[in-house]
Amino acid sequence: MAYESIIFEESGGIATITFNRPKALNALNRALLAELDDALGVVMDNEEIRVLVLTGAGEKSFVAGADISEIAQCDALGAKIFAKRGQDVVSRLQQLAIPVIAAVNGFALGGGSEMALACDFVYASENAMFGLPEISLGIIPGFGGTQRLPRLVGINKAKEMIFTGKMIPAAEALAIGMVNKVCAPDELMAAVMKTAGAIAAKGKVSLRAAKQAINSGLGVDLATGCSLEIDAFALCMASEDSKEGTSAFLEKRKPVFKGKLQ
Ligand code: CO8
């Protein structure tokens, strides 16, 4: 599929998807969601890709939300289809086996914040603004925001953000746990790529096992989660990478992970 609304790049095991509708502050329309869905399929199928980075084109915006001109045309059924489409893509992003980092370089509003919430973690530029402003449009978040935001920042903070629709700056998003790190705008991508590179150098089997154990464990009780962890741990021990990692430590050298199960 040829992409117009996103840019897809891959280098050294790190794939980058850039939302590319800068004139509309990278708003998510149906065409962009279809391209993103396709690109996530490419990422899933390519075993060489170890980390995915999401960012926005231009200096102003990561994603300023779902495309309001398309929402405005929707009746109730159309809204249901649009919201389901967006939720399916956001869920697919969250369920990717590899780590996903959001590099939020400006506005992350509505569907943009919801996209960031589905990533494994977020680095943001100092000028980034987060928010779920849907209430000011007479609607509510529709790409999972009412569910993921309270789980991440707590119920009351999420309610305040969703009921007021107010934007919060990167520093506040950092304080409430929506963001892991805040960088100067011109240092954001370097910081993200440094962390992505450090992750990409780890064992593929153990990275996937760690992500799966964390994500699957969040939906179950602690005992069940710990039991999932044991299975994921055992899977790692069956991998060539675990032999390499432990041998390298004992031989006082750097491990070279090949990402093979055995
Ligand atoms: N949709 C469509 N176009 C947009 C959007 C958007 N979400 N955001 C910005 N744009 C466009 C503007 O219309 C403008 O276009 P033009 O130049 O043709 O007039 C261009 O981008 C630049 O925007 P501004 O001139 O407004 O730039 P400012 O710097 O003055 O303001 C803001 C930046 C504050 C980000 C402002 O653009 C804004 O408030 N945007 C809307 C933010 C918003 O409300 N987002 C939530 C959208 S709803 C949503 O995400 C729901 C998700 C679930 C949907 C379920 C489907 C039914």
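Round to the nearest 10 and give me the degree value, 0 to 90, for the angle of helix 76-95's Cα axis relative to the longest principal axis of the chain. Once rounded, the angle reads 20 degrees. Electrostatic tally near G131: other residues with Cβ closer than 12 Å to its Cβ, Lys and Arg +1, Asp and Glu -1, net -3.
Rolling a 1.4 Å probe across the protein heavy atoms gives the stretch 6-200 an accessible surface of 44 Å² per residue. Partners of K204 within straight-line reach, counting lysines whose Cα lies under 28 Å from its Cα and excluding those fewer than 8 residues away in the same chain: K181, K194, K243, K252, K254, K258, K260. The residues of the stretch 204-250 expose, per residue, 63 Å² of accessible area to a 1.4 Å probe. Surface composition of the stretch 204-250: carbon and sulfur atoms hold 70% of the protein heavy-atom accessible area at a 1.4 Å probe. When you restrict to C-alpha pairs under 8 Å that are six or more residues apart and normalise by the size of the chain, the relative contact order lands at 15 percent.
Distance from the Cα centre of the stretch 30-95 to that of the stretch 207-244, in angstrom? Using only Cα atoms to place each centre, the spacing works out to 28 Å. A DSSP coil position with no more than 13 other Cβ atoms inside 10 Å describes the following GluC sites (Glu not before Pro) in the stretch 180-262: E251. Using equal-weight Cα scatterers in the Debye expression, the normalised intensity of the stretch 6-200 in log10 at q = 0.08, 0.10 Å⁻¹ is -0.23, -0.36.
Angle, helix 240-250 long axis vs. longest principal axis of the chain, Cα atoms, 0 to 90°, nearest 10? Helix 240-250 sits roughly 60 degrees off the main axis of the chain.
Quick one: plug the Kirkwood hydrodynamic radius of the stretch 168-240 (C-alpha pairs) into Stokes-Einstein at 10 °C, 1.306 mPa s, and report D in µm²/s. Answer, rounded: 108 µm²/s. Mean residue ellipticity at 222 nm, helices only, the chain: -15000 deg cm²/dmol; runs of at least 4 DSSP H residues each add -39,500 (n - 2.57), and the sum is divided by the number of residues.
Taking the C-alpha atoms only, the angle from helix 188-200 to the longest principal axis of the chain is near 40 degrees. For the chain, the share of DSSP beta bridges that are antiparallel, to the nearest 5, is 25%.
The values are calculated or read from the model by the stated rules, or taken from the named source; none is laboratory data. Just so we're clear, the structure is a prediction, and the values are computed from it rather than from any experiment. Positions of Cβ are backbone-derived with ideal geometry, glycine not excepted, and every protein chain shown enters the neighbour counts. Ligands, DNA and RNA are stripped out before the accessible areas are found, and what is left, the full protein with its side chains, is counted by its heavy atoms. Shrake-Rupley method; radii C 1.70, N 1.55, O 1.52, S 1.80 Å.
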